[in-house]
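Taken together, the values in this text are just the output of simple stated rules run on the coordinates, not laboratory data. It should be emphasised that the depicted structure is a prediction, and the values quoted were computed from it without experimental measurement. Here the Cβ positions follow ideal geometry from the backbone for every residue, glycine too, while neighbour counts run over all protein chains shown.
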Amino acid sequence: MPITDDQIFSIRDIIDSQLETREKRRIGRVSDIEAIWQEDGTLVLSSLVIGPQALAGRIASPLRSIVRFVLRDRFDHRIPLDDVEDFGPTLRLRGSAADYPVGQSDAWIANHILRWIPGSGH
Amino acid sequence: MAWRAPFDWIENAPALLGLVTLSFIVGIIALGGPSHQLLSTLWKPEVKQGELADYLYLVAATLGATISPYLLYFYSSGAREEHWTSNSLLLNRVTAIVGMSFGSLGSIALIFLGAMVLQPLNMQASSLGELGLSMAKALGPFGTLLFAVALFATCLGAALEVVLGVSYNIAQGFGWEWGEDKKPVEAARFNLVLIIFLLVAVAIGLMGIDPLQLALAGSTVIALFLPISLFPFLVLMNDPQYLRDKTNGRFSNIAIICILLIAFVVAFVSIPLEILSGGG
C-alpha cells in the first residue's frame, strides 16, 4: 500500500518497526532512516537502514564512526522505501527474505554454523 | 531441551518434576513438624549479632530470584508461543498465583527443613550437599534421591528460563525470527544466541565457582538492577494503548514500586557489607 496524502508518518512510526517479508518472515527492525534533499528544498525519505552502525549512532553520534571503523560498513544494509508495501507497527516488504542482505543472515548462519549441529533441521 | 524441545515440553517437564519439591513438606512432617519457636521466625526473624550483612544479602538474593526480569521475558514470550489471547487472562492469573505460591512453599519448606536439621548441628547450609543432609535425616536414602531430583528439576527449569529469556529478549529486540516450536534453522539468529549463551554458561560452570554462592551473588545483582530492568514493564502496565481497560490499579502500582525499591535498597546496602565482611 503506497503512502497516500492522508497518511502522515513520523520518524517514530518507522524507527524500530518490525520488518516482515512477503512470506511473513521477521528479518529485523529499522535502525535508522535516510532522507534526501530534493531540488525544491523538500526532504524526502529514501531508505530504511538496518545494522549495528546505525544503532550505535542513535546511542551517541561519535559511536557511529567508532563502530564503522571496526565493522567497515559490512553489516549495515539499506532497503529502499519503495519496497515497503504496507506501513504500520510492522512494515511489510514486497520481497522475500532472500532478496535482502539482512534477510540472508539467517540462511548464512543456518548453512555455515547450525548445519553442523545435530537436530538443527538443516 | 533448549535446542530442540517444543515449548510445551520446556514448560511442563520441569514443572512436573518440580512437584517432587512437595517431598520437603513430607520431610518436615516426618521430622514431627516445626516447633512454635521456629514458626515464629517466619514473621519475627532472629538475626544474630554480626550476621545482619549476611541476612540482608540473602533477602536481596531472594527478592532478585523471585522477581527476576528473566521470568517476565520468558513468561511473556511463552504466552505468545502458546498463542494466548485476552481470553487467557484467567489462565494467566491462576498460573501466576498458583505457580508462585507453589514455588515459594517449596522454598520455605526447604528453609524449615534446614533449620530443623542443620541448625541444632551448628551447620550453616552453605552448600547444596549440606542442604541434602536435611532430607536424608527426614526420609533416609530415599530422601536424598528426592532432593537430587528436586535439585535437578529446579536447576533445569531455571537454566531453561534464563537461556531462553535472554534469547527471546535479544531476538525480539532486534526483530529476528524466534520461537521454540520452529526448527533451529527457521529461527537461526535466535538459536545462535541460545547456543552462545549455553556455551558461556558452560564456561562459567567449568571455572569451578561454587554454584550456590554464584547463584546468590547473581540474584543479589539482579535485585540491585530491578528498578532499571522492570521500570519499562511498569510503564507498559499503565499504557492503555497496549492494555486498554486492563491497566494496573493504584494498589498494584504502589505495591510494585515498593517491592522494587525494597529490593534495590536491600541489595545496595548488603553488597558492600558482604564484600567488606568477606562474603558467605
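Cβ-to-Cβ counts within 10 Å put B:C258, B:C155 in ascending order as B:C258, B:C155, the fewest first.
For the stretch A:29-113, the set of GluC sites (Glu not before Pro) satisfying both a DSSP loop assignment and a count of at most 16 other C-beta atoms within 10 Å is given as A:E39.
For a quick check: sort B:E186, B:E177 by the number of other beta carbons within 10 angstrom, fewest at the front.
Lowest to highest Cβ neighbour count: B:E186, B:E177.
Relative to the longest principal Cα axis of chain A, at what angle does helix A:61-71 sit, 0 to 90 degrees, rounded to 10? Rounded to the nearest ten degrees, it is 40.
Pairs of Lys residues in the protein assembly as shown, spaced 8 or more positions apart or belonging to different chains, with C-alpha separations under 27 angstrom: 4 in total.
The distance between label points at B:A15 and B:L234 comes to 2.9 nm (points 7 Å beyond Cα on the Cα→Cβ vector). Against the longest alpha carbon principal axis of chain B, how many degrees, from 0 to 90 and to the nearest 10, is the axis of helix B:188-206 turned? Between helix and principal axis, roughly 20 degrees. Taking Cα atoms only, the orientation of helix B:128-139 departs from the longest principal axis of chain B by about 70 degrees.
Dipole magnitude for chain B: about 300 debye, using +1 per Lys or Arg Cβ and -1 per Asp or Glu Cβ, origin at the Cα centre. Overall, the ratio between the Cα radius of gyration of the stretch A:12-96 and 2.2 N^0.38 Å, rounded to two decimals, is 1.15. For the stretch B:78-91, backbone phi angles converted through the Karplus equation (6.51, -1.76, 1.60; θ = phi - 60°) give residue-by-residue couplings of x, 4, 6, 4, 9, 6, 5, 10, 5, 6, 8, 4, 5, 4 Hz, Gly and Pro being listed as x.
Candidates B:P227, B:L151, B:P211 compared by Cα position along the dipole of the stretch B:7-276: farthest toward the positive end lies B:P227, with charges placed on Cβ. Taking amide H as placed 1.01 Å from N in the peptide plane, A:S46 has its amide H under 5 Å from the amide H of A:E34, A:A35, A:I36, each at least 5 places away in sequence or on another chain. Neighbours of A:H77 by Cβ distance under 13 Å: Lys/Arg scored +1, Asp/Glu scored -1, total -3.
Once both labels are positioned 7 Å from their Cα atoms along Cα-to-Cβ, the gap between A:R74 and B:L206 label points is 2.6 nm. Each of B:A187, B:I257, B:Y75 was placed along the dipole of chain B (beta-carbon charges, centred on the mean Cα), and the one lying farthest toward the positive end is B:I257. Among residues other than A:D32 with Cβ under 12 Å from its Cβ, the summed charge is +1 (Lys and Arg +1, Asp and Glu -1). Projecting each Cα onto the charge dipole of the stretch A:12-96 (Lys/Arg +1, Asp/Glu -1 at the beta carbon, about the Cα centre), which of A:G88, A:S17, A:I36 comes out farthest on the positive side? Looking along the dipole axis, the top candidate is A:S17. Karplus-based coupling profile of the stretch B:174-180, in residue order and whole Hz: 8, x, 8, 5, 8, x, 7, with θ = phi - 60° in 6.51 cos²θ - 1.76 cosθ + 1.60 and x standing for Gly or Pro.
Charge dipole (Cα centre; +1 on Lys/Arg Cβ, -1 on Asp/Glu Cβ; no other charges) of the stretch B:180-273 amounts to roughly 180 debye. Distance from the Cα centroid of the stretch B:85-115 to that of the stretch A:60-122 is 40 Å (rounded to whole angstrom). Sorting A:D13, A:D76, B:D239 by the number of Cβ atoms found within 10 Å of their own Cβ, with the fewest placed first, yields B:D239, A:D13, A:D76.
Distance from the C-alpha centroid of the stretch B:127-173 to that of the stretch B:236-280: 25 Å, rounded to the whole angstrom. A cut-off under 15 angstrom between Cβ atoms defines the neighbours of B:N238, and their net charge, with Lys, Arg +1 and Asp, Glu -1, is +1.
Overall, chain A carries a charge dipole of about 820 debye about its Cα centre when +1 sits on the Cβ of Lys and Arg and -1 on the Cβ of Asp and Glu, all other atoms neutral. Across the stretch B:109-132, the residues whose backbone nitrogen lies under 15 Å from the label position 7 Å along the beta-carbon direction of B:T144 are B:128-132.
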